[in-house]
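Trainee: One structure, pasted below without further comment.
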Protein chains: 2
Amino acid sequence: MSAVEPRILKGFRDYLPAEMLPRQEMIEKIERVFQSFGFLPLVTPALEYADILLGKYGEEGDSLLYRFLDNGERDVALRYDLTVPLARVVAQYPELPRPFRRYQIAPVWRAEKPARGRFREFVQCDGDIVGSGDPMADAEIIQLGAAMLEALGVENFTIRANNRKILAGLMEELRVPAGEPEMAVLRTIDKLPKIGPDETRKLLALENRLEEGQINRTFEFLGIQGSPLEILGRLQGFFASPSSPGSGAGAAGVSELRGVFQILEGVGLLPKVAMDLSIARGLNYYTGTIYETFLGDLPGIGSVMSGGRYDGLIGMFAGEQIPAVGISLGVDRLLAGLQELKLVAAGGSPAAVLITVFDAALAAVSARIAQTLRRAGIACELFPQAARLAKQFRYAERTRKRFAVVVGPEEAARGVVQLKDLNSRAQEEIPADQLVERLKIQ
Amino acid sequence: MSAVEPRILKGFRDYLPAEMLPRQEMIEKIERVFQSFGFLPLVTPALEYADILLGKYGEEGDSLLYRFLDNGERDVALRYDLTVPLARVVAQYPELPRPFRRYQIAPVWRAEKPARGRFREFVQCDGDIVGSGDPMADAEIIQLGAAMLEALGVENFTIRANNRKILAGLMEELRVPAGEPEMAVLRTIDKLPKIGPDETRKLLALENRLEEGQINRTFEFLGIQGSPLEILGRLQGFFASPSSPGSGAGAAGVSELRGVFQILEGVGLLPKVAMDLSIARGLNYYTGTIYETFLGDLPGIGSVMSGGRYDGLIGMFAGEQIPAVGISLGVDRLLAGLQELKLVAAGGSPAAVLITVFDAALAAVSARIAQTLRRAGIACELFPQAARLAKQFRYAERTRKRFAVVVGPEEAARGVVQLKDLNSRAQEEIPADQLVERLKIQ
C-alpha cells in the first residue's frame, strides 16, 4: 500500500496537547459552575434524522447542514447546534422532571465557508432551563453566565440584554410582516454596533426596503438610552405613543425584561448587565429575553457568551408548548480572550517528573520508582525505553518537566536516586524511599 | 409547520442525566490515572478524508464506515476508531516530542447491525505511547490499565497477554499465507475461549481449510500451559522443534514478551497478568504484544480493556516506521460491570439543596440565597418560577434533593429561613446568615 498523505479537512482542527491543556482547564471550571447551579449533564448523538434539524435555523442554516444518506438510505445530518437536540430530547422523554436544567459541551458541525476564527467543527457549551417561562429562569441563566466568567477570572464584562417581544413591538408598529421580512430587519439592526448608524440606515433602506419614516422611527427606538430600568420606562412611553397605541408584544416584552432586571438588581448584578435595544440575535427560534456578552478589555473579539428564551422550539416536537431559556458560551473565542488576558496558564506537562531509564537491565527499577510516585499521587512520566541520558534530559526539557530522576547500577545497589532539578540544574542524591516526600514539598 | 416526531436513529443513544452522572464519575477517575502517568489530551476531528481511514481496518471495517460526499464533493468519513487518527496526527506533526503519550476519550461511528450492547455510536477511551518499540512501553501501558481498574475499585481482574509475532511464528510453521488467510485463522483462534475446542477445530477445517496435521499442531501450541515465564520457555522449545527449525517471528515474539513480563514481575503485577496463546485480536494492524482484560467476578461480560502494539500503522502515513503501543477501554461494558459490582454510585442530583420560591415578589430573595450558597461552594438549585410549595417539594423529591429551603414573607421580614430535611421530613428555622454553615456540616 502506498503512503497516504496525512492531512486534515479544511475548516477542521486537531487540538494538540499544548492547545488542549488550557482548554481543558477552562472547561473544567465551567463545568463546576454548571454543577454548582444544579445543571445536569446530557449527551445526545452526533447524527440525527435530518427532519429533526431542518427548518429550525432558517434557510441558510439548512443549507449548512452536513446531511447525507447513511448505509440504510436514511436521510441523516450531523447536529448543527445543541439546542435543537435538547428540544427533541425534552419532547421524546416526557418523564424527565421539569424544570429540567441540563448542560452539554460537545462539537457541532456547519459546512460554512472557512474563514479566520470560523470552523466547520467547533465545540458548543450550552446550559438551558426547560419548563419555566418565568423571568426568574432568564435571570438565573444570566447569573450562571456571570458566575462562569467570574470563575474564569474575568472581572470586566458586560451582558447586553434585550427582548424579542420588544423588537416585535417595533416591527408591529413599522408594519413589517412577521417571518422572513421581520428576521431580515432584525439581522440588520443586530449589525448596528459593528457597522454604525449610517451603514445601518443604508441597509434598512436598500436591503429591507423600509421607508424613511420607518427608518427614523427605528432610530428613535434605538436611541432610547439610560439604565436598564430607565430604558424600560421610556419604552413603555414609546409603545404607548399615538402612532403605536399600546403594542401587545412590545408591552409584554417590557414587562418580562423588567422582571428579569428586578431579580438581577436584587442579587447585585446590575452593574454587569446593560440593556441594548440593538441586540437582536440571528436565530429564528428566540421569543423573549436575548443577550450577548462582551469583555471590557477586549471589545474587538465580539460576544463570548449569548443566548435567550425560545418558547416555541420544543413545541415543534412535543404536542405542547414548553418554554425554555439558555446560554451558549463561545469556547474558542473565550479561550482566545482568556489567553490574551493571561488568565489561563500556558500548557505545560501535567506530569512534572520524568523517571529516566539507565539501561535495559534497570528497566524494572525505574518502573518501580514511577509506580511508587503515582501511588503517592505524584504524576510522573517513565521514559519508555533505554536511551542515552542526554537524550532523555532533552526530552524532559522539551516537555517542560521540572525534575528528572536517574538511577544507574551504582545508585540501585545503594538504594538511592539522583534527583535533577531541570530549572536550577542542581542535582542531589537522596535515598529512594525519601523521593516521594522530597517531591511533595516542591 | 407540522410537528416532527421526536425520535433517534437506531443504534444511537441519548445519555440522560441519570446515565451520565455515573459515566462522568468513571471517566473522571480514568482521566486522573492517564494524567498521573503523564498522558496528554489530544482531540481530533470527527470527520476525516475517507482515504485516511480506508484500508486500515480490513474489508469489513471499510464497509462499516459512515462515508459520504460533503457539500464540496470531498470523500469524507466519520472516524471509526481513535487509533488511525492518532497515527495521522503523529505523521502530520513531526514536531511533537517523542515518545508521545496521549489519551483521547471520544465517540466513534460504525454502521454495524445494531444488537444488544452493540451501537453505531460509542465512546472509545484510548491511551497510546508512540515512538518506543521497547517492551518497557508495553509494560507501561499494561500497568496503566491495571491502575485504572484499581482506581475504579476493581480488584479481581486478569489481563491476558499474547504477541502477534508468536502467532505469526505458528502461521509460518503451518505455512498459512500472510495477509487475509492468516487473519482469518487468527480470528478463529480468538474465538476458542467462547466456542470451545470442538467448534474451533470445525471452523479451522471448514472455514480456514486447515488439514488435520495443521489443526493438531495448532492445538499443541494452544495447549502450552503454565505461568507466563514457563509458557515462554516452552514456546522456545516449540519454535525450536524439528518441524519448525528456529522460527524468526516466533522467537522474536517470545523475546519481546519476556521483556514485558520481566518488568511486570518487577512492579509486582504478575498475579494480575496471564499469558494466553488464544488471544489474537481481530484488527489487522497489531504487530507485537496484544492483550485483553477480564473481570474475575463477571467473566460473562467479556473483555473490558484491550490493546496492543502496532508498529506498522503510522508508517502508512509517515515516510518512516514509528512504533506505537496502546490501550482501549470499553467504556460502556466496563460501566455496566461497575454498576453490576456496585462500584459506582447511582446518579442522583449533584446539587443537594433546592431553594424554593414562595411567590413572585420574593423571587429576588430566593435568588440571593442561592447566590450566597453557590459562592460558599454549596451546589444548589433555584426553583425558577413561583409555584405551589407542594409542587416544588415534589420536584425536590423526584430529583433526589436532600434539603429544601423555604422563605415566605414572614421569614424574609425576620431574616430567617425554613430548612426542610427531605429524608427525615424534619423542619428547622434558622437565621439566613447561618444557612451556609448549617449546610456545610451536613
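Trainee: Give all pairs with beta carbons closer than 8 Å in which a residue from the range A:11-25 that is within 11 Å of residue A:335 (Cα to Cα) meets a residue that is surrounded by fewer than 19 Cβ atoms within 10 Å (Cβ to Cβ) and among the polar types (S, T, N, Q); count only pairs at least 6 apart in sequence or on separate chains.
Mentor: That search, which allows pairs on different chains as well, returns A:22/A:339.
Trainee: What's the number of the only condition in (1) farther than 25 Å from residue A:284 by Cα; (2) outside any loop (DSSP other than H, G, I, E, B) that residue A:217 fails to meet?
Mentor: (1)
Trainee: Is it the case that some residue within the range A:320-337 is at negative phi, touching a Pro at 6+ places or on another chain (Cβ under 8 Å) and crowded, with 23+ Cβ neighbours inside 10 Å? Outline the logic, then answer.
Mentor: Of the range A:320-337, the ones at negative phi are A:320-337.
Next, from what is left, pick out any that are touching a Pro at 6+ places or on another chain (Cβ under 8 Å): A:335.
Within this subset, residues satisfying the condition of being crowded, with 23+ Cβ neighbours inside 10 Å are none.
Checking the range A:320-337: not a single residue is at negative phi, touching a Pro at 6+ places or on another chain (Cβ under 8 Å) and crowded, with 23+ Cβ neighbours inside 10 Å.
Trainee: Take residue A:349 and decide whether it is within 11 Å of another protein chain (Cβ to nearest Cβ), at pLDDT 95 or above and either in contact with a strand residue (DSSP E or B) (Cβ under 6 Å, 6 or more places away or on another chain) or not in a helix (DSSP H, G or I) (or both).
Mentor: Answer is no for this residue.
Trainee: How many residues are within 14 Å of another protein chain (Cβ to nearest Cβ), of a type in the set (D, E, K, R) and either over 15 Å from residue B:168 (Cβ atoms) or touching a Leu at 6+ places or on another chain (Cβ under 9 Å) (or both) if we restrict to the range B:247-306?
Mentor: Of the residues in the range B:247-306, 3 are within 14 Å of another protein chain (Cβ to nearest Cβ), of a type in the set (D, E, K, R) and either over 15 Å from residue B:168 (Cβ atoms) or touching a Leu at 6+ places or on another chain (Cβ under 9 Å) (or both).
Trainee: If you don't mind, there's one more thing I want to ask. Run down B:302, B:308 and say which single residue is surrounded by 21 or more Cβ atoms within 10 Å (Cβ to Cβ) and within 19 Å of residue B:189 (Cα to Cα).
Mentor: Answer to the check: B:308.
Trainee: Considering each residue of the range B:270-283, count those that are modelled with pLDDT under 95 and either under 20 Å from the mean Cα position of the chain (by Cα) or farther than 30 Å from residue B:58 by Cβ (or both), and give that number.
Mentor: 7
Trainee: Confirm whether residue A:172 is out of contact with any Ser or Thr (no Cβ under 9 Å at 6 or more places or on another chain), in a helix (DSSP H, G or I) and within 19 Å of residue A:252 (Cβ to Cβ).
Mentor: No; evaluated as a whole, the condition is false for this residue.
Trainee: Would you please list the contacts, defined by Cβ atoms under 6 Å and residues six or more apart or on different chains, that run from a residue in the range B:186-215 that is in the same structural domain as residue B:58 (by TED's automatic domain parsing) and of a type in the set (S, T, N, Q) to a residue that is surrounded by 18 or more Cβ atoms within 10 Å (Cβ to Cβ) and assigned to a loop (DSSP other than H, G, I, E, B)?
Mentor: Between residues of the range B:186-215 that are in the same structural domain as residue B:58 (by TED's automatic domain parsing) and of a type in the set (S, T, N, Q) and residues that are surrounded by 18 or more Cβ atoms within 10 Å (Cβ to Cβ) and assigned to a loop (DSSP other than H, G, I, E, B), the close pairs are B:188/B:208.
Trainee: Then there's this: List the number of the failed condition for residue B:105; all other conditions in (1) crowded, with 21+ Cβ neighbours inside 10 Å; (2) within 14 Å of chain A (Cβ to nearest Cβ); (3) aliphatic (A, V, I, L, M); (4) within 30 Å of residue A:374 (Cα to Cα) hold.
Mentor: Every condition holds for residue B:105 apart from (1).
Trainee: List the helices (runs of 4 or more DSSP H) that sit entirely inside the range A:357-442 and contain at least 3 residues that are closer than 19 Å to residue B:139 by Cα. Write out each step before concluding.
Mentor: Working: elements: A:363-375, A:389-398, A:409-414, A:435-440.
Ranges flagged: A:363-375.
Trainee: A follow-up question, please. Somewhere in the range B:422-435, is a residue out of contact with any Asp or Glu (no Cβ under 7 Å at 6 or more places or on another chain) and touching a residue at least 60 places away in the same chain (Cβ under 8 Å)?
Mentor: Among the residues of the range B:422-435, at least one is out of contact with any Asp or Glu (no Cβ under 7 Å at 6 or more places or on another chain) and touching a residue at least 60 places away in the same chain (Cβ under 8 Å), which makes the answer yes.
Trainee: Of a type in the set (Val, Ile, Thr), under 26 Å from residue B:398 (Cα atoms) and surrounded by fewer than 19 Cβ atoms within 10 Å (Cβ to Cβ) - does that describe any residue in the range B:355-370?
Mentor: No; the residues of the range B:355-370 include none that is of a type in the set (Val, Ile, Thr), under 26 Å from residue B:398 (Cα atoms) and surrounded by fewer than 19 Cβ atoms within 10 Å (Cβ to Cβ).
Trainee: Report every pair of residues separated by at least 6 positions or lying on different chains whose Cβ atoms are under 7 Å apart, first residue within the range B:314-330 and under 16 Å from residue B:91 (Cβ atoms) and within 12 Å of another protein chain (Cβ to nearest Cβ), second in a loop (DSSP other than H, G, I, E, B) and among the acidic types (Asp, Glu).
Mentor: Once the first residue is under 16 Å from residue B:91 (Cβ atoms) and within 12 Å of another protein chain (Cβ to nearest Cβ) and sits in the range B:314-330, its partners that are in a loop (DSSP other than H, G, I, E, B) and among the acidic types (Asp, Glu) give B:321/B:311; B:323/B:311; B:324/B:311.
Trainee: Another one. One residue is enough: does the range B:161-182 have a residue meeting the conditions of a type in the set (Gly, Ala, Ser), closer than 17 Å to residue B:220 by Cα and in contact (Cβ under 8 Å) with a residue 60 or more places away in the chain? Explain how you work it out, then say what you get.
Mentor: Of the residues in the range B:161-182, the ones of a type in the set (Gly, Ala, Ser) are B:161, B:168-169, B:178-179.
Of the ones still in play, those that are also closer than 17 Å to residue B:220 by Cα are B:168-169.
From what is left, the residues that are in contact (Cβ under 8 Å) with a residue 60 or more places away in the chain are B:168-169.
Within the range B:161-182, one or more residues are of a type in the set (Gly, Ala, Ser), closer than 17 Å to residue B:220 by Cα and in contact (Cβ under 8 Å) with a residue 60 or more places away in the chain.
Trainee: For the range B:97-109, give me the residue count where each residue is under 18 Å from residue B:36 (Cα atoms) and in a strand (DSSP E or B).
Mentor: Selection size over the range B:97-109: 6.
Trainee: Given the structure, is residue B:12 within 30 Å of residue A:55 (Cα to Cα) and buried (at least 18 other Cβ atoms within 10 Å of the Cβ)? It would help to see each step written out before you state the result.
Mentor: Working: within 30 Å of residue A:55 (Cα to Cα): yes; buried (at least 18 other Cβ atoms within 10 Å of the Cβ): yes.
When the stated conditions are applied, residue B:12 passes them.
Trainee: Considering only residues that are more than 20 Å from residue B:385 (Cβ to Cβ), within 11 Å of chain B (Cβ to nearest Cβ), in contact with a strand residue (DSSP E or B) (Cβ under 7 Å, 6 or more places away or on another chain) and not in a strand (DSSP E or B), which ones fall in the range A:112-156?
Mentor: Correct list: A:112, A:120, A:146.
Trainee: Which of (1) crowded, with 19+ Cβ neighbours inside 10 Å; (2) within 27 Å of residue B:67 (Cβ to Cβ) does residue A:71 not meet, given it meets every other one?
Mentor: All conditions pass for residue A:71, except number (1).
The values are calculated or read from the model by the stated rules, or taken from the named source; none is laboratory data. Because the structure is predicted, anything quoted here is derived from the model rather than measured. Note: ideal-geometry Cβ built from the backbone for every residue, glycine included; neighbour counts use all protein chains shown.
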